[in-house]
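The values are calculated or read from the model by the stated rules, or taken from the named source; none is laboratory data. Not measured: the values here are computed from a predicted model. Note that we place each Cβ from the backbone using ideal geometry, even for glycine, and neighbour counts take in every protein chain shown.
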Amino acid sequence: MDNDQSLLGSYPVEDNMIIHAIDTDPSRKAGEFEDVSRVEKYEMEEGTYDKLPDSVRAFKKKNKIGRFSEDFEKKQQEKEELERKESERVQVGSRCEVTLDNSMKRRGVVKFVGKTHFKPGYWVGVQYDEPYGKNDGSIDGKKYFECPPKYGSFVKPSFVQTGDFPEDLDLSDDEI
């Protein structure tokens, strides 16, 4: 392309062609807005926002939507009670298999069962057999259980099945 002002449609571009674009603007920085702490934001105090008649929060309150609905608290309590019952079947020290969404199953050992400071509800701390985890058993500096880095994870009890699950076998052919 020889003219920076021309539109792409003015060139004979066809399907399956590869277009290589180079940003030569020196004032533009790559990843400039990835660190949102560096982005200037408008902030308002909670009390001031609560008084606004045309805010999303006011709309939700008026129409009793989400946490402002009459049965929100009841649903939250029912959800927590269900999680509590599910967590009672999970015992610390048990072998387990964790299935998150439709991902592959991961095996490990239950290291923690209970409530945490980082999110509401009941959680199961698992030490995976392989480094599939995100932590070492601690979140925000609070230690819930001991395990090597990248082996620990916290999941909801509904994703955990306990039983006689042997450690994952290494089926790679690296040593053949």
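Annotations
- Residue within the stretch 87-105 that is surrounded by 13 or more Cβ atoms within 10 Å (Cβ to Cβ), in contact with a strand residue (DSSP E or B) (Cβ under 7 Å, 6 or more places away or on another chain), at pLDDT 90 or above and in a helix (DSSP H, G or I) present: yes
- Only one entry of Val110, Val124 meets the criterion of being outside any loop (DSSP other than H, G, I, E, B) and touching a Pro at 6+ places or on another chain (Cβ under 6 Å), and that entry is Val124.
- Selection over the stretch 82-137 of residues that are on the phi > 0 side of the Ramachandran plot and under 18 Å from the mean Cα position of the chain (by Cα) gives a count of 3.
- Against the criterion of being at pLDDT below 90, of a type in the set (Phe, Trp, Tyr) and over 22 Å from Pro166 (Cα atoms), Phe72 qualifies.
- Residue check for Gly133: surrounded by 12 or more Cβ atoms within 10 Å (Cβ to Cβ), under 13 Å from Phe159 (Cβ atoms) and not charged (D, E, K, R): no
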